Amino acid sequence: MMNRRNFLAAAAAAAFAPAPFLRAVEAKRRVVIVGGGLAGLSCAYELRKLGFEAIVLEGQGRPGGRVQTLREGLDPGLSAETGATRIPDTHLMTLAYVREFGLPLEPFKGDDLADVVHLRGQNYVAGHGPEPDWPLQLTPEERRLGRAGMAKRYLAGPLEQLKGSGSSPIVPRPLLELDHYTLRQFLEKQGLSTDAIELVLVGADTSLSAALLLLVELNEQVTSGYFHIRGGNDQLPGALAKQLEMGGAIRYGCRVTSIGQDDSSAWALMEHAGGQEAVRGDYVVSALPFSVARNLFAEARLSAEKQRVIREQKYFPVDKIFLQMQKQFWKPKGQSGFANTDLISERFWSLGPESSEERGLLLSYVIGGNAVKLDAMDLQSRVQQTIADAEAVFPGAREHFEAARAKSWSEDPWQRGGLSRFDPGELSFIPVNARREGRIFFAGEHTSRWNGWMQGAIESAHRVVNEINA
Ligand SMILES: Cc1cc2nc3c(=O)[nH]c(=O)nc-3n(C[C@H](O)[C@H](O)[C@H](O)COP(=O)(O)OP(=O)(O)OC[C@H]3O[C@@H](n4cnc5c(N)ncnc54)[C@H](O)[C@@H]3O)c2cc1C
Ligand SMILES: NC(=O)Cc1c[nH]c2ccccc12
């Protein structure tokens with residue numbers, strides 16, 4: 001077996017060996033892809049379509065990374081999406097794969113039911129009927145506009161000019177200019193009062209980059225509906241992986257410990273049940289989140305700028321807690337099961353079959369500071385906290401609760417975080433994150449302006465395929 005030192009010596013020797021012409025032609029065709037999330041899988045799938053030899057090395061025993069559906073311990077038919085949950089109707093690259101593999105879509109959320117805003121101990125019905133009498137110090141103008149009206153004027157307004165760029169993979173320049181402000185500063189600059197900012201952004205972390213959140217908001221503005229894959233979103237990476245498995249193009253249980261390159265090749269060193277192994281190709285694609293890749297590039301001859309972004313890229317801690325409810329008791333009250341709150345469970349969503357009499361999931365989706373608070377609790381306390389919050393927002397939750405599942409993305413050793421995070425001044429990292437360095441290419445949601453979306457992972461893979469095939 002080849003240990004790391006032998007491998008590096010062999011790699012160095014190979015670099016000086018004269019390469020026969022045939023090998024040089026063939027050499028162009030072998031690509032080693034590290035990471036079997038959506039980025040790595042779609043990269044391999046598209047490269048193989050073009051006639052490249054591609055192999056995916058995945059550390060875990062399953063494909064999909066942050067697209068993961070839990071079913072065990074829950075009512076059959078319920079899908080607990082720990083990661084990617086909804087597909088915006090504007091995410092054409094994601095939808096193209098859904099179509100290519102014949103996967104069934106269902107609406108993610110009907111729009112006839114009302115959402116709840118839970119603020120300072122009270123529940124308010126949002127977006128349906130008259131504007132609630134908010135328990136806040138709002139100016140007469142802010143009261144007149146209401147929550148939706150303020151969001152429209154102060155968030156959607158500035159985005160109106162960007163709408164045309166909603167489908168472009170480039171971060172729009174006017175957004176990069178806003179990268180110097182936090183979202184709070186951006187709204188303050190427009191004259192919104194402190195309480196109005198609280199109302200517009202209930203639950204969201206206002207210290208984030210305005211540009212990042214406007215990018216998310218831009219997505220919302222150009223989207224008119226969301227889908228879910230009936231039976232579970234993990235069928236999407238599952239379908240890609242099945243194609244690769246048939247061609248022997250994916251290996252599971254392979255933890256990559258180093259990625260390197262020399263003048264004539266690139267390689268990944270990995271550990272698996274059989275020991276250590278080096279896999280060499282003409283190119284390597286890193287489709288790993290930077291959070292788990294920080295120590296892998298010592299032999300990779302990366303530029304100082306690339307090393308800096310790999311070192312400094314931040315990730316949001318994200319938690320999801322799923323509560324199985326004996327029936328969807330919120331629906332007969334005209335409620336959607338969706339809420340924004342000022343509690344630790346800052347956001348509730350629901351997933352389940354149409355009939356309110358059937359079991360459904362109430363899930364709490366927590367990003368940032370509140371996820372840190374949840375992560376500090378033991379598992380049982382996280383569930384108890386979520387049940388208590390659910391009861392406050394949807395009275396009856398405690399009585400209907402049957403079973404729980406939980407996921408912390410920071411605690412997952414294969415991820416060490418949920419979504420790439422860009423603070424003020426950092427959105428300009430994206431093109432640097434994406435830039436190739438010699439024979440090493442970079443894919444993953446953190447290299448795309450659709451960061452935090454499946455579409456970001458897929459778009460980044462398509463970009464890399466074009467770069468390799470150029
Ligand atoms: C909580 C949450 C909610 C989300 N909601 C949505 C949503 O509603 N809609 C949407 O479109 N998107 C959503 N996303 C985003 C979407 O899931 C991601 O953008 C996308 O799945 C990322 O894919 P990726 O290939 O870039 O990375 P990953 O999926 O992280 O893939 C990386 C892979 O590398 C593997 N790996 C790690 N270390 C090693 C190693 N040393 N050696 C080998 N393999 C390794 C991992 O096991 C993993 O499989 C959400 C994400 C999260 C976390
Ligand atoms: N995919 C999501 O559900 C949310 C999301 C996408 N990009 C983000 C950036 C910051 C916070 C959340 C998000």
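Before moving on, here are some points about what is shown:
- Carbon and sulfur %, accessible surface of the stretch 137-222 computed with the full protein complex present, 1.4 Å: 53
- Computed over the alpha carbons of the chain, Rg followed by Dmax gives 23.6, 79 Å.
- Evaluated at q = 0.09, 0.15, 0.18, 0.20 Å⁻¹: base-10 log I(q)/I(0), Debye formula over Cα of the stretch 294-437: -0.39, -0.78, -0.96, -1.10
- Relative packing of peptides 231-242, 194-205 - highest average C-beta neighbours within 10 Å first: 231-242, 194-205
- Normalised by the number of residues in the stretch 113-194, the mean separation of alpha-carbon contacts (under 8 Å, six or more apart) gives a relative contact order of 19 percent.
- Which of 334, 420, 396, positive extreme of dipole for the chain (C-beta unit charges): 420
- Subset of 327/373; 373/407; 314/373; 109/314; 109/333 violating a 20 Å alpha-carbon distance limit: 327/373; 109/314
- Simple spin-label estimate for residue 423 and residue 276 in nanometres, 7 Å along Cα-Cβ: 3.6
- Cα centroid of the stretch 292-357 to Cα centroid of the stretch 398-470, whole Å: 13
- Peptides ranked, highest mean first, by Cβ atoms within 10 Å: ranges 215-225, 382-392, 163-173: 382-392, 215-225, 163-173
- The H on the amide N of residue 338, modeled in the peptide plane, is under 5 Å from the matching H of 116, each at least 5 residues off or on a different chain.
- Ordering of 359-367, 63-71 by burial proxy (mean other Cβ atoms within 10 Å per residue, highest first): 359-367, 63-71
- Normalised contact order of the stretch 323-406, rounded percent, pairs of Cα under 8 Å and 6 or more residues apart: 36
- Expressed to the nearest 5 percent, the antiparallel share of DSSP beta bridges inside the chain is 75 percent.
- ³J(HN,Hα) computed for each position of the stretch 460-470 - Karplus, 6.51 cos²θ - 1.76 cosθ + 1.60, integer Hz, glycine/proline x: 5, 5, 5, 4, 5, 4, 5, 5, 5, 8, 5
- Rounded if a/c under 1.5, otherwise prolate or oblate - the stretch 253-309, Cα gyration tensor axes: oblate
- Degrees separating the helix 235-246 axis from the principal Cα axis of the chain, which is the longest one: 10
- The stretch 137-222: C-alpha gyration tensor shape, a/c 1.5 cut-off, then a/b vs b/c: prolate
- In terms of its C-alpha gyration tensor, the stretch 45-181 has an oblate overall shape, because the principal axis ratio a/c (a ≥ b ≥ c, square roots of the eigenvalues) is not below 1.5 and a/b does not outweigh b/c.
- Simple spin-label estimate for residue 469 and residue 128 in nanometres, 7 Å along Cα-Cβ: 4.7
- Across the chain, C-alpha contacts under 8 Å between residues 6 or more apart give a mean separation that, scaled by the residue count, equals a relative contact order of 22 percent.
- Accessible surface comparison of 246, 93, probe 1.4 Å, protein chains only, largest first: the order is 246, 93.
- Of all aspartates and glutamates in the structure, those lying under 16 Å Cα to Cα from residue 163, and not within fewer than 8 positions of it along the same chain, are 89, 217, 220.
- Separation of the residue 242 and residue 180 label points, Cα + 7 Å toward Cβ, nm: 5.2
- Here the Karplus relation 6.51 cos²θ - 1.76 cosθ + 1.60, evaluated at θ = phi - 60°, turns the backbone of the stretch 58-63 into coupling constants of 10, x, 7, x, 9, x Hz, with x for every Gly and Pro.
- Amide hydrogen neighbours beyond the local backbone of residue 66, cut-off 5 Å, H modeled: 38
- The chain - accessible surface per residue (Å², probe 1.4 Å): 42
The values are calculated or read from the model by the stated rules, or taken from the named source; none is laboratory data. Everything numeric in this text was worked out from a predicted model, so none of it was measured. With ideal geometry, Cβ positions are generated from the backbone for all residues, glycine too; neighbour counts draw on all protein chains shown. Ligands, DNA and RNA are excluded from the accessible area calculation, which covers all protein heavy atoms including side chains. Shrake-Rupley method; radii C 1.70, N 1.55, O 1.52, S 1.80 Å.
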